[in-house]
Amino acid sequence: MRKRLIVSAAVGALALLVSVPASASAAQVGPGAAGIGDPYYPTAGNGGYDVSHYDIRLKYQPATDELEGTTTILATATQDLTRFNLDFVLKVKEVLVNGRTAKFAGTGEHELEITPARVIAKGSPITVVVRYADKPGEVERGGQSAWLRTPDGGVAANEPEGAAWWYPSNDHPTDKATFDVSVLVPDGTQVISNGTSTQSSRAGWTRYNYRQAKPQATYLATLAIGRFDIRTDTTPGGLPVLTAYSKDLGANAGAAQASVERTGELVDWLSGYFGAYPFGTVGGYVPNVPTGYALETQGQIFYSPAQFARGANTSVVVHELAHQWYGDSVSVQRWSDIWLNEGFARYSQWLWSEHENEGTAQELADYVYNLYPADDAFWTVKPGDPGADHQFAGAVYDRGAVAVQALRNAVGDETFFRILKGWPTERKYGNATIQDFQAYAERISGKPLGELLNTWLFTAAKPAAGSAGVVAPSPARSVAADVLPEPKSWKKIQETNTVHEHRD
Ligand code: TRP
Ligand code: ZN
């Protein structure tokens, strides 16, 4: 009896010992992290789960900015979870997790902390339902709302973070998901979002349903509510196109349409450089907002009327369409990888300039190189790691595009265009770092590219003429380097930029 007891005590002790390795994974039982681990934005995204789908169901009153919503999120736990966060700033009424009422609290800048009734085991599915109601235009963080209120409604289009003003999410580009967005608005008001759409009216209200069936990052989901003229068509290549213009564009209406109606032609033109278009729909919309920038919202690009104030601008359309491959299909792994988006989107404008006989990419690269003297602050920004405060600085775009030209010169046209098309195919719907791009370009070209990329992307100084890959003015050119003529396309290209001029 006694002996048995001792034995069973030993077994008990053994069981305890055995449970030690198990409790190493028990270190994993706990709350999901409040951020996904992006050094530029420590609380962006969240840890502990992975989202596969957002179902966003809204009702909006344009007259009062009242937004009511129910968002259902399908996710999988990546650890045993006692608690997890969503990124959200609107007032929440109720949260359900796997059908059971969950406790919730708003914390920090934009965290919605959710404590489910039961611990969620690693690997198991999570269904989260969040019910909410608020006036998003009145909700500010850092003195600003990402919901752009218009006289006839509102618009959500912001980078790196804008989702939190209209739906709860894991707000980081590494957690892509599919989306259904369904919005009820008074008859006579239109709704724009991403993907394919249907609509139906009843008793004075119209419901718009949008579906994005391809993986989409949270900041690339957009919503616009207002009075729009909507056009639908297909590109010469057979892709469905939806374009929409606020009825209040005034004097900018013609120039906006003369630019955005070129979407079908331009997306087919870019496919020649980047390969098959990655999404099921393409389009663009111009709401009556006072902002000056465009955003590459997936398959449904956001443009500001101000970009068409000096006439049509096809260059900005090319830029945003290029992002569909470079930024939307292949997205940054961390926000410090922003060169993979902006360097290539800007370079696509240089290719368009070349095509339109308004200056070659080499001429534009020479022009940028000579425009800023060595002591100009322009050269202090490293496009490969600009810092959160300079994420959209002019250098990320212009010096970033010079880096692409330097790569072209180093590997030759044939290899360069193979890389330009191969990369978005290789990494379709995924995420990547600049280091991943370097490895890919080295594999395709068979050339080491570390020194070149280090010079152009990771050095806070003007690269000296003669250093690796430096693009210097062509010796054949008859004018002195410091009086290079401004390429014809220069001003239109710079009109893409309003955002970073305000942000720096
Ligand atoms: N990615 C956008 C572009 O290059 C620019 C941008 C940066 C932006 N931050 C933004 C646009 C915030 C809208 C809101 O086209
Ligand atoms: Zn861009």
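The values are calculated or read from the model by the stated rules, or taken from the named source; none is laboratory data. Note that the structure is a prediction, hence the values are computed from the model and not measured. Virtual Cβ from ideal backbone geometry, glycine too; neighbours counted across all protein chains shown.
Which residues, counting only those in the range 387-407, are farther than 24 Å from residue 362 by Cβ and within 12 Å of ligand 1 (Cβ to nearest atom)?
388, 390, 391, 392
With 133, 157 as the choices, which residue is modelled with pLDDT of 95 or more, within 16 Å of ligand 2 (Cβ to nearest atom) and closer than 23 Å to residue 184 by Cβ?
The match here is 157.
Would you say residue 248 is touching a residue at least 40 places away in the same chain (Cβ under 8 Å), more than 16 Å from ligand 2 (Cβ to nearest atom), of a type in the set (Asp, Glu) and on the phi < 0 side of the Ramachandran plot?
Spelling it out, residue 248 is indeed touching a residue at least 40 places away in the same chain (Cβ under 8 Å), more than 16 Å from ligand 2 (Cβ to nearest atom), of a type in the set (Asp, Glu) and on the phi < 0 side of the Ramachandran plot.
Kindly provide the set of residues from the range 397-433 that are among the β-branched types (Val, Ile, Thr), assigned to a helix (DSSP H, G or I), away from ligand 2 (no atom under 16 Å from the Cβ) and closer than 24 Å to residue 278 by Cα, ordered by number.
Correct list: 415, 419, 425.
Is it the case that the range 72-84 has a residue that's over 30 Å from residue 391 (Cβ atoms), of a type outside the set (Phe, Trp, Tyr), touching a Lys or Arg at 6+ places or on another chain (Cβ under 9 Å) and buried (at least 21 other Cβ atoms within 10 Å of the Cβ)?
Yes: one or more hits.
In this structure, is residue 366 free of Cβ contacts under 8 Å to residues at least 24 places away in the same chain, under 20 Å from residue 484 (Cα atoms) and either away from ligand 1 (no atom under 16 Å from the Cβ) or in contact with a Lys or Arg (Cβ under 9 Å, 6 or more places away or on another chain) (or both)?
Answer is no for this residue.
For residues in the range 315-344 being among the small types (Gly, Ala, Ser) and within 11 Å of ligand 2 (Cβ to nearest atom), which is farthest from residue 274 (Cα to Cα)?
Only one residue fits best here, namely 343.
Please return the ranges of strands (runs of 3 or more DSSP E) entirely within the range 198-301 where 3 or more residues are surrounded by fewer than 19 Cβ atoms within 10 Å (Cβ to Cβ).
Hits in the range 198-301: 205-216, 228-234.
State yes or no: is residue 312 part of a loop (DSSP other than H, G, I, E, B), farther than 19 Å from residue 455 by Cβ and more than 12 Å from ligand 2 (Cβ to nearest atom)?
yes
Only one of (1) away from ligand 2 (no atom under 16 Å from the Cβ); (2) hydroxyl-bearing (Ser, Thr, Tyr); (3) surrounded by 21 or more Cβ atoms within 10 Å (Cβ to Cβ) is not met by residue 347, so which one is it?
Every listed condition holds for residue 347 apart from (1).
Take residues that are in contact (Cβ under 8 Å) with a residue 60 or more places away in the chain and under 16 Å from residue 55 (Cα atoms) and tell me which of the strands (runs of 3 or more DSSP E) falling wholly in the range 66-112 contain 2 or more.
66-77, 81-87
If you scan the range 159-178, which residues turn out to be part of a loop (DSSP other than H, G, I, E, B) and farther than 18 Å from residue 212 by Cα?
159, 160, 161
Say we look at the range 291-301 and pick out the residues that are more than 13 Å from ligand 2 (Cβ to nearest atom) and either modelled with pLDDT of 95 or more or polar (S, T, N, Q) (or both); which of these is nearest to residue 231 (Cα to Cα)?
Looking at residues that are more than 13 Å from ligand 2 (Cβ to nearest atom) and either modelled with pLDDT of 95 or more or polar (S, T, N, Q) (or both), I get 300.
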